[in-house]
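Worksheet for the structure shown next.
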Amino acid sequence: MKIVLDAAQLVSQIQAWGQELAFSQIGVAGVDLSAAEPGLRAWLSAGCHGDMAYMAAHGMKRARPAELVPGTLSVITARMDYLPRDTREGWQALELARLDRPGEAVVSVYARGRDYHKVLRNRLQTLADRIQVAVGPVGHRVFTDSAPVLEAELAQRSGQGWRGKHTLLLHREAGSMFFLGEIYVDLALPPTEAVSEHCGACTACIAVCPTQAITAPQRLDARRCISYLTIEHAGAIPLELRPLMGNRIYGCDDCQLVCPWNKFARLSPLPDFDAREGLRGSTLVELFAWSEAEFLRHTEGSPIRRIGHERWLRNLAVALGNALRSEFDETLLNALHARAEHPSELVREHVTWALTQARPPHRSP
């Protein structure tokens with residue numbers, strides 16, 4: 001049965017449905033993103049996208065929703081909190097403490113549970129289906145970090161938050177620990193109001209970045225970012241950046257962990273983002289020992305699986321080398337030696353580098 005609503009009432013109804021689907025907030029943005037094009041063009045021209053050639057290939061289509069999906073008149077934006085349900089008070093300090101335990105493998109908080117692409121995409125499609133049941137057929141397309149979409153720009157314009165100096169979106173009542181998704185629709189909907197920024201003079205995120213990838217407020221050089229290096233980058237990790245990666249093996253949360261606004265980060269109501277066994281608190285040695293079959297089993301339905309076993313071992317080898325530099329440990333050394341003849345040249349090279357980081361054990365005279 002179709003519902004007869006004006007555009008503003010429809011937005012309110014969509015927001016209510018969004019809450020039922022565990023979205024934290026629903027907004028609406030227009031499709032004119034021309035003001036964002038100069039910044040995008042300059043970022044691409046500087047090569048800050050690194051190996052992510054698809055970003056350059058799509059060019060300005062990212063800033064032109066109606067070119068990406070012809071007929072698009074509005075973009076419905078969605079935000080979903082992802083802190084695991086068992087997250088304790090003071091979680092930021094607890095996560096930072098993991099970085100001081102060189103033998104522990106640190107996986108970014110968002111990647112410890114189910115692949116967010118699947119969770120958001122399914123729920124966004126359900127939301128789109130509800131809209132169609134209410135108003136009739138709607139031309140639409142659902143996105144979750146899966147196409148040339150200026151997610152943060154659209155989210156900011158639709159009131160989901162403001163761009164922090166680390167380039168991530170920030171919300172006064174939810175920090176930055178959330179995912180974003182969009183539905184491009186051929187409906188003319190009134191945009192929701194944008195919010196003002198509240199970073200002030202704080203530069204904690206810039207100062208803490210291990211590789212100084214945040215080159216200026218709201219400007220990130222992906223080529224130096226640990227998240228990019230451990231996930232998107234397919235080849236050898238630059239030698240000068242390896243020691244700066246510490247024990248981070250998939251992603252990096254440092255800029256979020258020091259952000260004052262994340263004391264307001266909210267827990268997800270969904271079990272999907274609860275940490276899986278092996279992806280929180282495991283040692284580097286344990287994870288480095290996973291065969292490819294074990295890797296695939298442990299990461300089934302996880303965002304980690306897409307980097308593959310080879311890059312997984314590459315990342316762990318770097319972390320093991322950094323741990324060895326911190327403190328000589330035969331267990332770490334033995335783990336590396338076990339992979340020294342790995343079939344992959346990429347893995348072998350990083351293992352060789354890691355072995356050179358070992359400090360000889362101190363012997364008393």
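Values quoted throughout were computed directly from the atomic coordinates according to the rules given, and no laboratory measurement underlies them. This is a predicted model, so every value here is computed, not measured. Note that each Cβ is placed from the backbone with ideal geometry, even for glycine, and that neighbours are counted across all protein chains shown.
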With Cβ to Cβ distances under 13 Å as the rule, what net charge do the other residues near Asp86 carry (K, R +1; D, E -1)? +3
Can you tell me the orientation of helix 116-135 relative to the chain, as the angle in degrees between its alpha-carbon axis and the longest Cα principal axis, to the nearest 10? 10 degrees
Under a Cβ-Cβ cut-off of 11 Å, what is the net charge of the residues other than Asn315 that fall near it, where Lys and Arg count +1 and Asp and Glu count -1? +3
Using the Karplus curve 6.51 cos²θ - 1.76 cosθ + 1.60 with θ = phi - 60°, what ³J(HN,Hα) values do you get for each residue of region 88-105, in whole Hz, with x for Gly and Pro? 9, 4, x, 4, 4, 5, 5, 5, 5, 5, 4, 6, 8, 10, x, x, 8, 8
What is the helix-to-structure angle for 308-326, meaning the angle in degrees between its Cα long axis and the longest Cα principal axis of the chain, kept from 0 to 90 and rounded to the nearest 10? 50 degrees
Ordered by fewest other Cβ atoms within 10 Å, a rough proxy for footprinting exposure, Cys209, Cys252 read Cys209, Cys252
Intensity falloff of the chain expressed as log10 I(q)/I(0), Debye formula with alpha-carbon point scatterers, at q = 0.08, 0.14 Å⁻¹: -0.43, -1.21
Along the Cα-to-Cβ line of Glu327, 7 Å from the Cα, sits a label point; which residues in region 95-114 have backbone N less than 18 Å from it? 96-106
Bridge orientation stat for the chain from DSSP, antiparallel percent rounded to 5, came to 90 percent
